[in-house]
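*Asks:* The structure follows.
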Amino acid sequence: MKQVLQNQALVFDLIDDMIVIKPASIAAVDYVVNGTIVDAQGLPLPGASVTIKGTTNGTLTNIDGKFSINIQGQQATTLVVTYLGFKQQEITVNSGQTTVNIVLAADASELDEVVVIGYGTVRKRDLTGSVSSVKAEDIVRTPTHNAIEALQGRVAGADIVRNTGAAGGNSNIVIRGNRSITSNRDDISNRNGPLIIVDGFQGNSIDAINPNDIESIEVLKDASSTAIYGAQGANGVIIVTTKKGTAGKVKVNYDAYYGINTYDFPASRTGESYVKLRREAARTIGMTDDQLIFDGPGELDAVQAGEFVDWMDLVIRDGSQQSHNVSITGGSEKTSVFGSAGYFKEDGMLRGNDFNRYNMRLNLDQTVNNWMKVGFNTQIVYSATNNRQNPLGQATQISPLGTPFNEDGTIRLFPLPDGTTISPLADERSEFIARNNNLRNNIVANAYVSVSPLKGLNFRSNIGTNFNNSRQGIFNDRTSLAQNGPRISVASQNTAFNRYINWDNILTYTKNINDHNLVLTGITSYQQSDVDRLSASGQGQILASQLFYDLNSSSTSITRSIGSAYEGWSNMAYAARINYSYKGKYLFTASGRYDGASRLSPGNKWDFFPSAAIGWNIFEESFMKNIRQVNNLKLRASYGVSGNYNIGVYSTQNTLNSASNMSFGDVPVNSFIFRVL
């Protein structure tokens with residue numbers, strides 16, 4: 001049979017006394033495709049990327065725009081060609097084809113992209129300040145509940161650090177370094193934090209925004225860009241634009257993910273390794289008797305019984321995150337609607353630590369006629385955070401000897417019979433041992449009206465309000481970690497209610513004359529904020545199950561306390577800006593803002609913040625047309641002044657401080673010192 005099939009493209013198999021003849025397999029044949037990549041003018045594009053679609057096999061063009069690539073098999077293959085500043089192309093290479101010539105088309109869309117700046121927009125090519133832009137597709141790639149974390153590694157000059165590893169923890173962002181010498185980056189007022197603008201409105205917290213609702217984030221970094229925000233711009237400005245509806249059929253999108261957070265700590269010394277370490281340390285001072293080495297109550301018995309504990313392994317678990325988001329977008333020629341609802345849950349790596357957030361958003365835009373447009377944005381967010389005393393400190397300090405659990409599986413309060421060193425697991429004995437519960441409600445409602453009475457002239461008025469309500473309840477039983485053993489139980493509640501109003505009026509005039517483009521902007525801005533705070537606490541609760549809900553059940557009225565506070569402030573500003581460009585090559589921007597803040601002292605409440613910037617789009621010059629290695633080149637110079645008024649609301653007011661007692665006759669009374677800050 002072999003001789004019969006010799007020189008034939010056939011083979012045979014012997015199967016159950018039957019001879020089966022079939023076509024012989026043909027080994028894949030590699031062949032080489034050579035090609036040249038040029039632009040529309042026929043100039044070669046060195047360094048262009050050529051890859052086989054669906055694989056990582058690829059190559060780059062040489063200085064003459066030429067390339068060679070190996071292709072396997074006899075089927076048609078698709079080559080993907082990319083080059084910075086040009087549109088991506090996909091080229092089909094048929095079987096046996098060995099030559100291909102490719103012409104790439106220039107892609108000006110990136111430079112023509114519109115970037116949001118303070119109180120307006122501008123083409124990316126016309127920017128004179130330092131602005132970084134991050135789009136929606138980059139934001140949602142990071143699985144997080146906090147949009148700030150999505151900026152990590154994507155904005156030059158931005159230093160982003162999460163301020164806690166607990167579930168639901170927020171992040172601090174510092175742009176181009178600290179600006180305040182009187183506060184650190186982690187203080188509660190975040191005096192080095194940037195100003196946050198959401199859909200043109202101040203007073204919103206980016207922590208409360210669902211990252212899936214964001215269309216883009218612009219970060220204004222230099223003084224010429226931030227001076228338009230005056231006394232609030234010194235730390236940079238982050239401008240968030242949320243998604244809008246689009247005309248056409250209603251589209252429903254569902255997005256979800258689930259992830260695990262793992263930990264990687266150095267292995268703890270436990271068991272015989274720990275015992276050996278204790279003995280070796282004692283040997284260096286001449287001690288060899290185990291009764292002296294393990295002299296703590298119950299330590300020697302634990303060593304002899306082999307009772308060893310890896311506390312880090314007991315207090316830490318794998319955390320998890322899950323997110324579910326549904327959005328609806330649609331509209332007609334005159335109406336656009338975007339709505340979304342989302343749920344985010346995070347279980348921390350410490351037991352008893354979890355975060356839940358529910359959010360809803362509705363964005364509505366309506367074109368009334370050819371000269372008027374109105375819109376409304378609203379956001380509702382509810383979040384709940386549960387936490388307890390961090391057990392890691394206790395877990396790293398306590399001896400890894402003893403028994404963490406009783407025979408019935410319950411947690412032992414004291415792993416060793418010393419009666420003083422409490423177990424790191426103490427708070428896990430019951431849900432009524434320790435609780436730190438934070439509830440937050442956030443309601444944002446913004447509206448605008450935009451009127452264009454004349455060609456090139458537009459007036460827009462934005463008014464919005466923001467309500468934040470928070471409640472923190474804390475309870476620590478007398479045997480909790482926070483109380484460190486058998487002391488008295490403590491409970492407290494802290495509530496805060498914040499009302500914020502923002503009203504901006506923006507008048508814009510745009511004029512194009514031949515190669516000259518002029519944009520004039522006038523602005524008034526007003527903000528007002530009021531905060532009411534109330535706190536109460538008590539000790540020795542009769543029933544631990546009441547937690548912090550019945551502070552009146554404290555053992556005595558002496559241990560109860562109550563406090564309240566109020567803060568109110570307002571700002572007013574007048575600003576103007578001019579943007580000018582000639583042929584898209586030569587750029588000029590100037591702005592000025594006159595800012596007033598109630599929190600500052602008399603005589604210092606108002607100040608002026610100017611800025612100016614020039615730019616030269618060198619790439620638009622004729623002598624750059626033949627330099628294909630450069631797709632954009634701009635020279636900028638700028639100057640600006642911005643401020644930071646983030647001090648205490650009443651820090652500049654006169655105060656009366658109680659000093660030592662004085663005696664009037666036989667009656668001691670308090671004396672006071674008058675201070676001017």
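Yes/no per residue for (1) touching a strand residue (DSSP E or B) at 6+ places or on another chain (Cβ under 8 Å); (2) of a type in the set (Asp, Glu); (3) part of a strand (DSSP E or B); (4) farther than 30 Å from Phe294 by Cβ:
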| position | (1), (2), (3), (4) |
| --- | --- |
| Glu346 | yes, yes, yes, yes |
| Phe355 | yes, no, yes, yes |
| Arg361 | yes, no, yes, yes |
| Leu364 | yes, no, yes, yes |
| Val368 | yes, no, yes, yes |
| Val374 | yes, no, yes, yes |
| Thr378 | yes, no, yes, yes |
| Thr385 | yes, no, yes, yes |
| Gln389 | yes, no, no, no |
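*Asks:* Taking the condition of being within 18 Å of Tyr566 (Cβ to Cβ) and among the β-branched types (Val, Ile, Thr), how many residues in region 450-505 meet it?
*Replies:* Qualifying residue count, region 450-505: 2.
*Asks:* Does Ile63 qualify as being part of a loop (DSSP other than H, G, I, E, B), out of contact with any helix residue (DSSP H, G or I) (no Cβ under 9 Å at 6 or more places or on another chain) and closer than 19 Å to Gln41 by Cβ? Outline the logic, then answer.
*Replies:* Working: part of a loop (DSSP other than H, G, I, E, B): yes; out of contact with any helix residue (DSSP H, G or I) (no Cβ under 9 Å at 6 or more places or on another chain): yes; closer than 19 Å to Gln41 by Cβ: yes.
Yes; evaluated as a whole, the condition is true for this residue.
*Asks:* So which residues in region 564-598 are of a type in the set (D, E, K, R) and closer than 19 Å to Trp503 by Cα, if there are any at all? I'd like the intermediate steps shown before the answer.
*Replies:* Within region 564-598, the first condition is being of a type in the set (D, E, K, R), and the residues that meet it are 567, 577, 583, 585, 593, 595.
Those that are of a type in the set (D, E, K, R) and closer than 19 Å to Trp503 by Cα: Arg577, Arg593, Asp595.
*Asks:* Right, Leu534: at pLDDT 90 or above and out of contact with any Gly (no Cβ under 7 Å at 6 or more places or on another chain) or not? Before you say what the answer is, go through the steps one by one.
*Replies:* Details: at pLDDT 90 or above: yes; out of contact with any Gly (no Cβ under 7 Å at 6 or more places or on another chain): yes.
So Leu534 passes the test.
*Asks:* Taking Val219 and the conditions (1) part of a strand (DSSP E or B); (2) closer than 23 Å to Val122 by Cα; (3) at pLDDT below 90, which numbered condition does it fall short on, given that it satisfies the others?
*Replies:* (3)
*Asks:* Looking only at region 232-250, how many residues end up being of a type in the set (A, V, I, L, M) and modelled with pLDDT under 90?
*Replies:* Of region 232-250, the ones of a type in the set (A, V, I, L, M) are 234, 237-240, 247, 250.
Within this subset, residues satisfying the condition of being modelled with pLDDT under 90 are 234, 247.
Number of matching residues: 2.
*Asks:* Just need a number here: residues in region 504-524 that are free of Cβ contacts under 8 Å to residues at least 60 places away in the same chain and not in a loop (DSSP other than H, G, I, E, B).
*Replies:* Going residue by residue through region 504-524, those that are free of Cβ contacts under 8 Å to residues at least 60 places away in the same chain are 505, 507, 509-514, 520, 522, 524.
If we keep only those that are not in a loop (DSSP other than H, G, I, E, B) too, we end up with 505, 507, 509-513, 520, 522, 524.
So the answer is 10.
*Asks:* Residues of region 141-167 being surrounded by 15 or more Cβ atoms within 10 Å (Cβ to Cβ), outside any loop (DSSP other than H, G, I, E, B) and either touching a Ser or Thr at 6+ places or on another chain (Cβ under 7 Å) or without any contact (Cβ under 8 Å) to a residue 40 or more places away in the chain (or both), which ones?
*Replies:* Ile148, Glu149, Ala150, Asp159, Ile160, Arg162
*Asks:* Look through region 229-261, keep the residues that are among the β-branched types (Val, Ile, Thr) and surrounded by 11 or more Cβ atoms within 10 Å (Cβ to Cβ), and return whichever of them is farthest from Asn212 (Cα to Cα). Full working, then the answer.
*Replies:* Keep residues of region 229-261 that are among the β-branched types (Val, Ile, Thr), which gives 237-242, 246, 250, 252, 260.
From the residues that got through so far, the ones that are surrounded by 11 or more Cβ atoms within 10 Å (Cβ to Cβ) too are 237-242, 246.
Values: Val237: 21, Ile238: 17, Ile239: 16, Val240: 12, Thr241: 12, Thr242: 9, Thr246: 16 Å.
So, considering only residues that are among the β-branched types (Val, Ile, Thr) and surrounded by 11 or more Cβ atoms within 10 Å (Cβ to Cβ), the one farthest from Asn212 (Cα to Cα) is Val237.
*Asks:* Yes or no: Ala227 part of a helix (DSSP H, G or I) and more than 30 Å from Tyr343 (Cβ to Cβ)? Lay out the reasoning, then the answer.
*Replies:* Working: part of a helix (DSSP H, G or I): yes; more than 30 Å from Tyr343 (Cβ to Cβ): yes.
Taking the combined requirement at face value, the residue satisfies it.
*Asks:* Could you check region 298-324 and list, in sequence order, the residues that are part of a loop (DSSP other than H, G, I, E, B) and over 19 Å from Phe405 (Cβ atoms)?
*Replies:* First pass over region 298-324, keeping only residues part of a loop (DSSP other than H, G, I, E, B): 298, 306-307, 309-310, 317-318.
Within region 298-324, Asp318 is the sole residue that qualifies.
*Asks:* Right, something else. Looking at Ile488, Ile542, Ile523, which one is at pLDDT 90 or above and aliphatic (A, V, I, L, M)? Break it down stepwise before answering.
*Replies:* Numbers: Ile488 fails: at pLDDT 90 or above; Ile542 fails: at pLDDT 90 or above.
Within the list Ile488, Ile542, Ile523, the selection yields Ile523.
*Asks:* On to the next question. Filter region 463-503 for residues that are crowded, with 22+ Cβ neighbours inside 10 Å and in a strand (DSSP E or B); which is nearest to the chain's Cα centre (by Cα)?
*Replies:* Asn466
*Asks:* Then there's this: So if I check each of Val50, Val38, which one is surrounded by 13 or more Cβ atoms within 10 Å (Cβ to Cβ), farther than 27 Å from Lys124 by Cβ, within 44 Å of the chain's Cα centre (by Cα) and of a type outside the set (Ser, Thr, Tyr)? Lay out the reasoning, then the answer.
*Replies:* Values: Val38 fails: farther than 27 Å from Lys124 by Cβ.
Going through Val50, Val38 in turn, the sole match is Val50.
*Asks:* Which residues, taken from region 570-602, are more than 24 Å from Tyr645 (Cβ to Cβ) and free of Cβ contacts under 8 Å to residues at least 60 places away in the same chain?
*Replies:* Lys585, Tyr586
*Asks:* Cβ-Cβ under 7 Å, sequence separation 6+ or interchain: first residue in region 81-103 and assigned by TED's automatic domain parsing to the domain that holds Gly58 and surrounded by fewer than 12 Cβ atoms within 10 Å (Cβ to Cβ), partner at pLDDT below 85 and not in a strand (DSSP E or B). Which pairs?
*Replies:* Thr92/Ala76; Asn94/Ala76
*Asks:* Here is a further query. Within the set of pairs 6 or more residues apart or between chains, which connect a residue that is touching a residue at least 40 places away in the same chain (Cβ under 8 Å) and closer than 15 Å to Gln394 by Cα inside region 404-415 to a residue that is outside any loop (DSSP other than H, G, I, E, B) and among the aliphatic types (A, V, I, L, M) with Cβ atoms less than 9 Å apart?
*Replies:* Pairs found: Pro404/Leu314; Pro404/Ile411; Leu413/Ala426; Pro415/Ala302; Pro415/Leu401.
*Asks:* Please specify each residue of region 251-297 satisfying the condition of being touching a strand residue (DSSP E or B) at 6+ places or on another chain (Cβ under 9 Å) and among the acidic types (Asp, Glu). Step through it out loud before you land on a result.
*Replies:* Within region 251-297, the first condition is being touching a strand residue (DSSP E or B) at 6+ places or on another chain (Cβ under 9 Å), and the residues that meet it are 251-263, 265, 270-272, 274-275, 294, 296.
The answer is Asp255, Glu272.
*Asks:* Would you please name the residue that is surrounded by the most Cβ atoms within 10 Å (Cβ to Cβ), looking only at residues in region 442-462 that are under 23 Å from the mean Cα position of the chain (by Cα) and not small (Gly, Ala, Ser)? I'd like the intermediate steps shown before the answer.
*Replies:* Step one: list which residues in region 442-462 are under 23 Å from the mean Cα position of the chain (by Cα), which gives 442-446.
When the remaining residues are screened for being not small (Gly, Ala, Ser), the result is 442-444, 446.
Working: Asn442: 21, Ile443: 14, Val444: 24, Asn446: 22.
Among residues in region 442-462 that are under 23 Å from the mean Cα position of the chain (by Cα) and not small (Gly, Ala, Ser), the one surrounded by the most Cβ atoms within 10 Å (Cβ to Cβ) is Val444.
*Asks:* Being exposed (fewer than 15 other Cβ atoms within 10 Å of the Cβ), under 30 Å from Lys511 (Cα atoms), among the hydroxyl-bearing types (Ser, Thr, Tyr) and out of contact with any strand residue (DSSP E or B) (no Cβ under 7 Å at 6 or more places or on another chain) narrows it down to one residue among Ser601, Ser622; which is it? Explain how you work it out, then say what you get.
*Replies:* Numbers: Ser601 fails: under 30 Å from Lys511 (Cα atoms).
Ser622 is the lone residue from the list that is exposed (fewer than 15 other Cβ atoms within 10 Å of the Cβ), under 30 Å from Lys511 (Cα atoms), among the hydroxyl-bearing types (Ser, Thr, Tyr) and out of contact with any strand residue (DSSP E or B) (no Cβ under 7 Å at 6 or more places or on another chain).
*Asks:* Here's a follow-up. Report, by residue number, each residue of region 123-139 that is touching a Gly at 6+ places or on another chain (Cβ under 9 Å) and without any contact (Cβ under 8 Å) to a residue 24 or more places away in the chain.
*Replies:* If we filter region 123-139 for residues that are touching a Gly at 6+ places or on another chain (Cβ under 9 Å), which is where we start, we get 123, 125-130, 132.
Selection gives Arg123 alone.
*Asks:* If you scan region 75-134, which residues turn out to be aromatic (Phe, Trp, Tyr) and outside any strand (DSSP E or B)? Lay out the reasoning, then the answer.
*Replies:* Going through region 75-134, the residues aromatic (Phe, Trp, Tyr) turn out to be 83, 86, 119.
Result: Tyr83, Tyr119.
*Asks:* Follow-up question, since we're still on this one. Only residues that are touching a strand residue (DSSP E or B) at 6+ places or on another chain (Cβ under 7 Å) and over 22 Å from Asn617 (Cα atoms): list them for region 119-149, please.
*Replies:* Tyr119, Val134, Lys135, Ala136, Ile139, Pro143, His145, Asn146, Ala147, Ile148, Glu149
*Asks:* Residues being under 30 Å from Asp532 (Cβ atoms) and either assigned to a strand (DSSP E or B) or at pLDDT 95 or above (or both): count how many of those fall in region 559-587.
*Replies:* Residues of region 559-587 that are under 30 Å from Asp532 (Cβ atoms), as a first pass: 559-573.
Going one step further and asking which of them are either assigned to a strand (DSSP E or B) or at pLDDT 95 or above (or both), we end up with 561-573.
Result for region 559-587: 13.
*Asks:* Then there is this: Restricting the search to region 46-61, which residues are under 12 Å from Thr78 (Cβ atoms), hydroxyl-bearing (Ser, Thr, Tyr) and modelled with pLDDT of 85 or more?
*Replies:* Within region 46-61, just Thr51 meets the criteria.
*Asks:* Still on this structure, please answer the following. Quick check, is Ile285 surrounded by 15 or more Cβ atoms within 10 Å (Cβ to Cβ) and among the aliphatic types (A, V, I, L, M)? I'd like the intermediate steps shown before the answer.
*Replies:* Working: surrounded by 15 or more Cβ atoms within 10 Å (Cβ to Cβ): no; among the aliphatic types (A, V, I, L, M): yes.
Answer is no for this residue.
*Asks:* Just one of (1) in a loop (DSSP other than H, G, I, E, B); (2) among the aromatic types (Phe, Trp, Tyr); (3) more than 22 Å from Arg269 (Cα to Cα) trips up Phe414, so point out which.
*Replies:* Unmet condition: (3).
The values are calculated or read from the model by the stated rules, or taken from the named source; none is laboratory data. If you're wondering where the values come from, they're calculated on a predicted model, not measured in any experiment. Counting neighbours? That spans all protein chains shown, and the Cβs are built from the backbone with ideal geometry, glycine included.
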